1. Is it possible to state the helix-based mean residue ellipticity at 222 nm for the chain, with each DSSP H run of 4+ residues giving -39500 (n - 2.57), the sum divided by total residues, to the nearest 500 deg cm²/dmol? What is it?
2. Give me T52, T47 sorted ascending by neighbouring Cβ count inside 10 Å, so fewest comes first.
3. Taking a cut-off of 19 Å, what percent of all Cα-Cα pairs in the chain are separated by more than that?
4. Can you tell me the length gained on complete extension of the stretch D27 to W42, counting 0.36 nm per residue apart and subtracting the Cα distance?
5. Explain nothing, just compute: Karplus ³J(HN,Hα) = 6.51 cos²θ - 1.76 cosθ + 1.60, θ = phi - 60°, for every residue of segment 65-81 in order, whole Hz, x for Gly and Pro.
6. Grab the chain and count how many Lys pairs have their alpha-carbon atoms under 26 Å apart, sequence gap of 8 or more, or different chains.
7. Among R43, R87, which comes first, second and so on when ranked by fewest other beta-carbon atoms within 10 Å?
Amino acid sequence: KYTYQMDPANTDEALWEVFLDLQEGADMVMVKPGMPYLDIVWRVKETFGVPTAVYQVSGEYAMFKAAAAQGWIEERACVLEALLGMRRAGADAILSYYALQAAQWLKA
C-alpha cells in the first residue's frame with residue numbers, strides 16, 4: 001500500500017496528482033479516505049473548482065460502529081457531524097457506508 005500511495009504529509013503532491021488527473025480528462029476527483037484529508041478536499045475545491053467527491057472508507061465506518069457499540073459516542077450525531085464536515089470542506093458528493101442510514105436519519 002505504501003509503495004503506491006501518496007505521502008500523507010505532502011499536500012502539494014495531492015494537488016499535483018489532481019492536476020494531472022484533470023489534464024488527462026477527469027470530470028471529477030475523489031478524495032479517499034475522507035476524514036483525515038478534509039484539508040485536501042478544501043484545497044482541491046479552492047484550487048481547481050471541479051466536482052469533488054469524498055469516500056468515507058470502511059475503516060471510518062467501523063470506527064464509528066465500534067465506538068457506538070461501546071457507548072463512547074452517540075452514533076447518529078457523530079456520523080452526521082462527520083458528513084457535514086465533508087460538505088463544509090467542499091465535497092459535492094460523499095460515498096459512505098452510512099448512506100442509507102444517514103438518509104433515514106435526515107428524513108426523520
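1. Numbers: 5 runs with 60 residues, N = 108.
After summing the helix terms and dividing by residue count, I get -17000 deg cm²/dmol.
2. On the way: T52 23, T47 11.
Going from least to most buried by this count: T47, T52.
3. Values: 2779 of 5778 pairs.
Considering the chain, 48 percent of its Cα-Cα pairs are separated by more than 19 Å.
4. Details: separation 15, 0.36 × 15 = 5.40 nm, distance 1.75 nm.
Roughly 3.7 nm would be gained on extension.
5. Couplings: 4, 5, 5, 5, 4, 7, x, 7, 9, 9, 3, 4, 4, 5, 5, 5, 5 Hz.
6. Details: K1/K32; K1/K65; K32/K45; K32/K65; K65/K107.
Pairs that pass both the separation and distance tests number 5.
7. Numbers: R43 20, R87 13.
Ordered from fewest to most neighbouring Cβ atoms within 10 Å, R43, R87 come out as R87, R43.
Where a number appears in this text, it was derived from the coordinates with a stated rule and is not lab data. Since the structure is predicted, the reported quantities are computational estimates derived from the model, not experimental observations. Note: ideal-geometry Cβ built from the backbone for every residue, glycine included; neighbour counts use all protein chains shown.
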